[in-house]
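See below for the structure under consideration.
Quick note: the coordinates plus some simple rules give every number you see, no bench work behind them. Because the structure is a prediction, the values reported are computed rather than measured. A quick note on method: Cβ atoms are made from the backbone with ideal geometry, for glycine too, and the neighbour counts reach across all protein chains shown.
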Amino acid sequence: MTYHLPAGKALGGPYIVDITPEKAGWGHSSLRILELPPGGTHSFETGDSEWIVVPLSGGCTVAAADDFGRDTFELRGRRDVFSGVSDFAYVPRDARATVTSAAGGRFALTGARCERRLPARYGAASDVPVELRGTGNCSRQVNNFGAAGVFECDKLIAVEVITPGGNWSSFPPHKHDEHRPGEESVLEEIYYFEFAGHEGIPGLGYQRVSPSGPGRDTDVLAEVRDGDVVLIPDGWHGPSMATPGHHMYYLNVMAGPEAERAWLICDHPDHAWVRDTWPDQPVDPRLPLYTAPETSA
């Protein structure tokens, strides 16, 4: 199995990234990245999965139609992932979704196989909690738009992480590949990367995933660039390292078989002590790159 998919290696149909459970070799998590030209439109059947549509660049209209009716949501979006929090739309399973963009743009479709059918809904940018996690050179920003406990889904968990140039995130390395009630949950995870350039020079970073035990042997050390994807069925993941001068963005998509939708993790025992150093250091002054707007205009 190839766990690092450089840009262009995960193409599928109309999508520049098309990760399905079948392609990933697991049971739940999906990610599609859709590029639309000005005036472009795309429709898809949600099937047995729930989806959140979140603009990466540009804005769009999202329509969800099924036997119960039709809902339409206008997403203002954003210039790019480094310029602001985006609004988003939730589309339930067993529906037909249509994404239309007057000016064009790039849109993430984060999905998870699920059992319950929840109503289609709009997620306002102003309601997205922006969290600063870690301190010092472990400082990063987390946009918790689809986090458990923030926005209701049946199985899907989705968040955005921004790591300033030169910093490490997903550190200490952690895992969520064993069922241990109250301590750790089983979640398949997808990382999708974008980078801030500098004077026309593209950015890059590095991603590590290491085996966490017998039968959990995912092993990745990858140089990652714009549009790359890393699949994490199991294992310790982290650090995610941003090279100096280039901010790193990644979109995390998670889902799994647990009855409870929860992000419960276990830190690597060799590096867990790093958390204890955070109270003695300031948060990187470059963060937050931005905050959620007070209201959705």
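Would you mind calculating the gained length between TRP278 and ALA259 on full extension (0.36 nm times residue separation, minus the Cα-Cα distance), in nm to one decimal? Can you show the working numbers first?
Numbers: separation 19, 0.36 × 19 = 6.84 nm, distance 3.29 nm.
Using 0.36 nm per residue and subtracting the Cα-Cα distance, I get 3.6 nm.
Can you tell me the length gained on complete extension of the stretch THR72 to ILE201, counting 0.36 nm per residue apart and subtracting the Cα distance?
Values: separation 129, 0.36 × 129 = 46.44 nm, distance 3.88 nm.
So the extension gain works out to 42.6 nm.
The residues packed around TYR122, meaning those with a beta-carbon under 12 Å from its beta-carbon, carry a net charge of -2 if Lys and Arg are +1 and Asp and Glu are -1.
Taking R0 as 35 Å, what's the FRET efficiency between ARG117 and ARG225 from their Cβ-Cβ distance, rounded to 0.05?
Details: r = 38 Å, r/R0 = 1.08.
After rounding, the FRET efficiency stands at 0.40.
Over the chain, dividing the summed -39,500 (n - 2.57) contributions of all DSSP H runs of at least 4 residues by the number of residues returns a 222 nm mean residue ellipticity of -500 deg cm²/dmol. Listed by chain and number, the aspartates and glutamates whose alpha-carbon sits under 17 Å from that of LYS9, ignoring those within fewer than 8 places in the same chain, are ASP18, GLU22, GLU35, GLU194, GLU223, ASP226, ASP228.
Once R0 is set to 30 Å, what does the formula 1/(1 + (r/R0)^6) return for the Cβ-Cβ distance between THR291 and ASP217, expressed as a FRET efficiency to the nearest 0.05? My answer for the efficiency is 0.15. Fully extending the segment from ARG180 to SER43, taken as 0.36 nm per residue of separation minus the present Cα-Cα distance, adds 45.4 nm. Using R₀ = 25 Å, calculate the FRET efficiency as 1/(1 + (r/R₀)^6) where r is the Cβ-Cβ separation of ALA65 and ALA102; round to 0.05. My answer for the efficiency is 0.80.
Arrange CYS153, CYS60, CYS114 by Cβ neighbour counts within 10 Å, fewest through most, would you? List each step's numbers first, then the result.
Working: CYS153 24, CYS60 28, CYS114 21.
Result, fewest neighbours first: CYS114, CYS153, CYS60.
Can you give the relative contact order of segment 4-279 as a percent, counting alpha carbon pairs under 8 Å and 6+ residues apart? Before the final figure, lay out each step's value.
On the way: 781 pairs, mean separation 54.3, N = 276.
Over segment 4-279, the number comes to 20 percent.
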